[in-house]
Structures are given as structure tokens and as C-alpha cells.
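Each remark here refers to the structure printed beneath this line.
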Amino acid sequence: MTTRTPGGAPRAVGDDGADHATESAELRAVQAALRAEHAAVYGYGVVGGRIGEERRAEARTAHDAHRARRDVWQRMARDLRGTPQAAAAGYTLPFPVADGAGAVRLAAELEERTAAVYGDLVRACEGDRRAAAAEALREAAVRAVRWRGGSVAFPGLTERSDEPTAPVAPQT
């Protein structure tokens, strides 16, 4: 969407109402991480309602971890002179969650999605912010392994692999 500044020049405004043209790449990545954490907190509310008793403590711990990360990204957005993105009233789940198995699958999906966002955040940040993003990526990857029961070679990157890549043609 485009709006006009008081002087009449157009500027880009995202669907979320934020003026992304004036945000740094680092702030945009922090805001994306914050949005991912809002979604994860919501998603773990669903997980907690469907998960079996044997994994309920694990879900509660993950929920608490995402709430803590959300708070970190909110502070970081303010430190970067941004206004932290607010949580949406609700989120669309990637699939129906009718039972404990679906809850486990959703928890793994939430962790993989946050790991993908953290990969972008690591790339956009430097110094202490990069270290915090790398730590968050590692934590999400470990939780994904616990939920999924297996790992991927490069957490935070494989989530992008669903886009086909062009084959390499020999040079002649």
C-alpha cells in the first residue's frame, strides 16, 4: 500500500500499517522475529489445549520461552527506535489440530517457522543482537528436534528449500 507524506511524496506502508521505508533492515528483521513470536505464543496456546499429559510440561516450557523471546524482541525494537508490532487478535493455523499428535506436529512447525525467521535475523544483525538471534535460532532448532524427533542439516535455512532452484548448466 502507498500513502502520501504531508509534502505529497509517496511512501510504502505495509499491510501491518508500519512505514517500512524508514525502518532499517535490522529493525525489519527484529519486527519479523517479534511477529513470529506472537504467532508462536498463540500457537502454543493451541498446543497446550490438545497435547497429552506426558508432554504438557514440555509445551509449557516452550510457551514460556517464546513469551520471553517476544519480550526481548519488543525491547530490541524499541532500542532500534521502532514501535514493537502488536500481536494479532488471532492466527490461522497451518492445519487443524484435533488431538495430541496434531499438537506435537504444530509445535514442531512453530519451531521450524521461528527458526527460519531467526536465520534472517542473524543475517541482518551484528554484535550482541546477532548473538541473541543465533541463540534464539539454536533454541528453536533444539525444540524442533525434540518435537519432530529428527533434525535438519541447517536449521533456519531448509525452510526456504521449498522454492525450486534452477539446475546449474555447464559453461561452454
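The values are calculated or read from the model by the stated rules, or taken from the named source; none is laboratory data. Since the structure is predicted, the reported quantities are computational estimates derived from the model, not experimental observations. Ideal geometry is used to build each Cβ from the backbone, glycine not excepted, and the neighbour counts take in all protein chains shown. Ligands, DNA and RNA are excluded from the accessible area calculation, which covers all protein heavy atoms including side chains. Shrake-Rupley method; radii C 1.70, N 1.55, O 1.52, S 1.80 Å.
A few remarks follow.
- Of the residues making up the range 110-143, those that are in a helix (DSSP H, G or I) and either touching a Cys at 6+ places or on another chain (Cβ under 7 Å) or surrounded by fewer than 18 Cβ atoms within 10 Å (Cβ to Cβ) (or both) are ARG123, GLY127, ASP128, ARG130, ALA131, ALA133, ALA134, GLU135, ARG138, VAL142.
- Hits in the range 88-104 (condition: in a helix (DSSP H, G or I) and touching a residue at least 24 places away in the same chain (Cβ under 8 Å)): GLY100, GLY102, ALA103, VAL104
- Residues satisfying the stated conditions in the range 44-103, i.e. open to solvent by less than 40 Å² (accessible area, probe 1.4 Å), farther than 30 Å from LEU27 by Cβ and of a type in the set (A, V, I, L, M): ILE51, ALA59, VAL97, ALA103
- Test: LEU27 is in contact with a Phe, Trp or Tyr (Cβ under 6 Å, 6 or more places away or on another chain), open to solvent by less than 80 Å² (accessible area, probe 1.4 Å), at pLDDT 95 or above and closer than 24 Å to LEU137 by Cβ: no
- Pair list, Cβ under 6 Å, 6 or more apart: the range 44-63 residue farther than 20 Å from ALA141 by Cα and among the aromatic types (Phe, Trp, Tyr), other residue crowded, with 17+ Cβ neighbours inside 10 Å and at pLDDT below 95: none
- A Cβ distance below 9 Å, combined with a sequence gap of six or more or placement on separate chains, defines the contacts here; from the range 117-130, residues that are closer than 16 Å to ALA77 by Cβ and of a type in the set (D, E, K, R) reach residues that are open to solvent by 30 Å² or more (accessible area, probe 1.4 Å) and part of a loop (DSSP other than H, G, I, E, B) in the pairs ARG129/LEU80.
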